[in-house]
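Engineer: Before I ask anything, let me first share the structure, which is written out below as structure tokens.
The values are calculated or read from the model by the stated rules, or taken from the named source; none is laboratory data. Just so we're clear, the structure is a prediction, and the values are computed from it rather than from any experiment. Heads up, the Cβs are rebuilt from the backbone with ideal geometry, glycines too, and the neighbour counts pull from every protein chain shown. We work out accessible area using only protein heavy atoms, side chains counted, and drop any ligands, DNA or RNA first. Shrake-Rupley method; radii C 1.70, N 1.55, O 1.52, S 1.80 Å.
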Amino acid sequence: MDVIVRSALGLDRDAHETFLADVIAGLTDNPKRLGAKYFYDAAGSRLFEEITRLPEYYPTRTELGILSERADEIARLIRPGAALVEFGSGSTAKVRVLLDAAPTLAAYVPVDISAEFLGAEATRLQDDYPHLKVLPVAADFTGLFELPPQVRGHPLVGFFPGSTIGNFEPHEADAFLRRAARILGPASRLIVGVDLVKDEQVLNAAYNDAAGVTARFNLNVLIRINRELGGDFDLDAFAHRAFYNPARSRIEMHLQSLARQKVRVARRTIPFRAGETIHTENSYKYTLARFASLAHGAGWITRAVFTDPADYFSVHALTQG
Ligand code: SAH
Ligand code: AVI
């Protein structure tokens, strides 16, 4: 399977330089921070797939339930011959529900930063849907990127499941929604999965699973820095911390230094105080009204909103016109 590489991040040297610059900027900032997109090398993508199967991690199975239950209604929003563009496609498990419900789809464009995982998943999907044009694009969706030329002339539908939109700051989510409108063009549609505000215990458990998979996912960014940027992080000297911040309606993930220590990264020395944290991810939780207002502010019209009986998760069908 050929993966089209878009934007600097797909090119090995530029990707390396960008990763290095972002890591140094983040680790020399106060408080220290790293971008959540850096979790996803091939190992990070596999760990995320493990997370989706955890009993505590309700978002994946809840969203899959909504998609399966409402597949026909969602499919009616997809015009015949359309191309479906998925942002952050991961394992492509969810899109299969839409592909089965909308057999007139002509093409599927999975877009993901995790290029190796993307190639393997796209090949698997192509084998299972031989009549569909599967056109994977390795790109960073926090910037503009071009779609493959084969989708020109097709009506376009965006698909952004998983509440990956919650990993953006609200102003970044606004920018993403505007960028998606530009990439998909006028008269396009966008189906977005959004995790909802709920009982704090449920939220905290989802990001502190008993098996420790989320901790391994969080620590994977340090493994990447050690391997790709010549770092010497001692993984036993950092601990996974995740908690709901009600004032900001978000789960925060951090890596906490268990001692006062110095870490070398790309020939620089980064000092840590005992207890100091690196902020590695936010996962914003929305109310239906708050997400609708974000989408409308970015120029989208809500056509339908689907939720599960417990109101844990929501799927929003948006249109441009
Ligand atoms: N859509 C899947 C996977 C969600 S995990 C699901 O709903 O289960 C988030 C996915 O987005 C991962 O596959 C990750 O590699 C990808 N991703 C994260 N940040 C990205 C970025 N900036 N650009 C492109 N893909 C990104
Ligand atoms: C991909 N994203 C929506 C996940 C989330 O829930 O914010 C990433 C994740 N982080 C920890 N567990 C899962």
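Engineer: Within the stretch 32-49, take every residue that is hydroxyl-bearing (Ser, Thr, Tyr) and near ligand 1 (Cβ under 8 Å from one of its atoms) and give me the one that is most open to solvent (accessible area, probe 1.4 Å). Outline the logic, then answer.
Structural biologist: Initially, the stretch 32-49 is screened for residues hydroxyl-bearing (Ser, Thr, Tyr), giving 38, 40, 45.
Those still in the list that are near ligand 1 (Cβ under 8 Å from one of its atoms) too: 40, 45.
Details: Tyr40: 59, Ser45: 9 Å².
My answer is Tyr40.
Engineer: Run down Glu49, Glu63 and say which single residue is in contact (Cβ under 8 Å) with a residue 40 or more places away in the chain, acidic (Asp, Glu) and out of contact with any Pro (no Cβ under 9 Å at 6 or more places or on another chain).
Structural biologist: So the residue among Glu49, Glu63 that is in contact (Cβ under 8 Å) with a residue 40 or more places away in the chain, acidic (Asp, Glu) and out of contact with any Pro (no Cβ under 9 Å at 6 or more places or on another chain) is Glu49.
Engineer: Moving on. Hey, could you check the stretch 17-57 for residues that are over 16 Å from the mean Cα position of the chain (by Cα) and among the hydroxyl-bearing types (Ser, Thr, Tyr) and say which is nearest to ligand 2 (Cβ to nearest atom)?
Structural biologist: If we filter the stretch 17-57 for residues that are over 16 Å from the mean Cα position of the chain (by Cα), which is where we start, we get 17-33, 53-56.
Those left that are additionally among the hydroxyl-bearing types (Ser, Thr, Tyr): 18, 28.
Working: Thr18: 20, Thr28: 24 Å.
So, considering only residues that are over 16 Å from the mean Cα position of the chain (by Cα) and among the hydroxyl-bearing types (Ser, Thr, Tyr), the one nearest to ligand 2 (Cβ to nearest atom) is Thr18.
Engineer: Just give me the residues in the stretch 162-200 being within 16 Å of ligand 2 (Cβ to nearest atom), among the hydrophobic types (A, V, I, L, M, F, W, C) and not in a helix (DSSP H, G or I), in sequence order.
Structural biologist: Matches in the stretch 162-200: Phe168, Ile191, Val192, Val194, Leu196, Val197.
Engineer: Report the residue count in the stretch 93-148 for those that are among the β-branched types (Val, Ile, Thr) and within 9 Å of ligand 1 (Cβ to nearest atom).
Structural biologist: We begin by selecting, within the stretch 93-148, every residue among the β-branched types (Val, Ile, Thr); these are 95, 97, 104, 109, 111, 113, 123, 134, 137, 142.
Applying the additional criterion that residues be within 9 Å of ligand 1 (Cβ to nearest atom) yields 95, 111, 113, 142.
Looking only at that region, the number is 4.
Engineer: Please determine, by comparing only the residues of the stretch 59-99 that are away from ligand 2 (no atom under 13 Å from the Cβ) and in a loop (DSSP other than H, G, I, E, B), which one is modelled with the lowest pLDDT.
Structural biologist: Among those residues, the one meeting the criterion is Thr92.
Engineer: Among the residues of the stretch 139-196, how many are open to solvent by 30 Å² or more (accessible area, probe 1.4 Å) and among the hydroxyl-bearing types (Ser, Thr, Tyr)? First the steps, then the outcome.
Structural biologist: The initial filter retains those residues of the stretch 139-196 that are open to solvent by 30 Å² or more (accessible area, probe 1.4 Å), namely 141-142, 144, 146, 149-150, 152-155, 164, 167, 169-172, 174-175, 178-179, 182, 186-187, 189.
When the remaining residues are screened for being among the hydroxyl-bearing types (Ser, Thr, Tyr), the result is 142, 164.
Qualifying residue count for the region: 2.
Engineer: Output the residues belonging to the stretch 201-224 that are under 19 Å from Gln256 (Cβ atoms), without any contact (Cβ under 8 Å) to a residue 60 or more places away in the chain and part of a helix (DSSP H, G or I).
Structural biologist: Asn204, Ala215, Leu219, Leu222
Engineer: Of Ile24, Ile74, which residue is hydrophobic (A, V, I, L, M, F, W, C) and more than 16 Å from ligand 1 (Cβ to nearest atom)? Show your work before the answer.
Structural biologist: Values: Ile74 fails: more than 16 Å from ligand 1 (Cβ to nearest atom).
Of Ile24, Ile74, the one residue that is hydrophobic (A, V, I, L, M, F, W, C) and more than 16 Å from ligand 1 (Cβ to nearest atom) is Ile24.
Engineer: Looking at Ala75, Ala83, which one is open to solvent by less than 10 Å² (accessible area, probe 1.4 Å) and closer than 18 Å to Thr319 by Cβ? Break it down stepwise before answering.
Structural biologist: Values: Ala75 fails: open to solvent by less than 10 Å² (accessible area, probe 1.4 Å).
On inspection, the qualifying residue turns out to be Ala83.
Engineer: Please enumerate the residues belonging to the stretch 225-235 that are buried (at least 21 other Cβ atoms within 10 Å of the Cβ) and in a helix (DSSP H, G or I). If you could, list the steps in order and put the result at the bottom.
Structural biologist: Taking the stretch 225-235 and keeping what is buried (at least 21 other Cβ atoms within 10 Å of the Cβ), we get 225, 233.
Across the stretch 225-235, the qualifying residue is only Ile225.
Engineer: Right, here's the next one. Kindly indicate whether Glu63 is farther than 18 Å from Phe168 by Cα and open to solvent by 10 Å² or more (accessible area, probe 1.4 Å). Steps first, please.
Structural biologist: Working: farther than 18 Å from Phe168 by Cα: yes; open to solvent by 10 Å² or more (accessible area, probe 1.4 Å): no.
No; evaluated as a whole, the condition is false for this residue.
Engineer: Arg248: assigned to a loop (DSSP other than H, G, I, E, B), open to solvent by 20 Å² or more (accessible area, probe 1.4 Å), more than 22 Å from Leu20 (Cα to Cα) and within 16 Å of ligand 2 (Cβ to nearest atom), yes or no?
Structural biologist: On the way: assigned to a loop (DSSP other than H, G, I, E, B): yes; open to solvent by 20 Å² or more (accessible area, probe 1.4 Å): yes; more than 22 Å from Leu20 (Cα to Cα): yes; within 16 Å of ligand 2 (Cβ to nearest atom): yes.
Against the criterion (assigned to a loop (DSSP other than H, G, I, E, B), open to solvent by 20 Å² or more (accessible area, probe 1.4 Å), more than 22 Å from Leu20 (Cα to Cα) and within 16 Å of ligand 2 (Cβ to nearest atom)), Arg248 qualifies.
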